[in-house]
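Novice: Pasting a structure below so you can have a look.
Read-outs throughout are calculated quantities, based only on the coordinates presented, and are distinct from any laboratory measurement. Just so we're clear, the structure is a prediction, and the values are computed from it rather than from any experiment.
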Amino acid sequence: QVQLAESGGGLVQPGGSLRLSCATSGIIFGIAAMGWYRQAPGKQRELVAGIISGGSTNYADSVKGRFSISRDNAKSTVYLQMNSLKPDDTAVYYCHARYLGMDYWGKGTLVTVSS
């Protein structure tokens, strides 16, 4: 059974930082393409950042230079380091795995950026 479990969300002031983690099980993590998506109230879910098995990354324009995605294959975990957070970054952040042609999602973790 594939499981993705996000952690690290919370309330942070504008300009602050958070690091999200997504621990996985049930997959051969090293060959999975991993990503972080987010969904703000009233908006569609959007890709924030992705990282493939070889380590190449891609980012939404809105987070380039502020967010960084990384993976630890030994721990089967993907991370999202978020710096210089803005109120517009407020959303539920979801971990995503593309593995053997199938898509898997975590339950999400809420990030609120507010003073």
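Novice: Straight-line reach only, C-alpha to C-alpha below 19 angstrom: list the lysines that residue 64 could link to, leaving out same-chain residues fewer than 8 apart.
Specialist: Candidates past the 8-residue exclusion: 86.
Novice: While we're looking at this one, here's another question. Need the list of lysines near residue 75 for cross-linking: C-alpha distance under 21 angstrom, and skip anything on the same chain fewer than eight residues off.
Specialist: Here the lysines satisfying the reach criterion relative to residue 75 are 107.
Novice: I need to check one value: relative contact order of the chain, counting alpha carbon pairs closer than 8 Å and at least 6 residues apart, in percent.
Specialist: Across the chain, relative contact order equals 37 percent.
Novice: Can you compute 3J(HN,Hα) from phi for each residue in the range 13-25, using the Karplus curve 6.51 cos²θ - 1.76 cosθ + 1.60 with θ = phi - 60°, rounded to whole Hz and x for Gly and Pro?
Specialist: 7, x, x, x, 10, 9, 10, 8, 10, 9, 8, 10, 8
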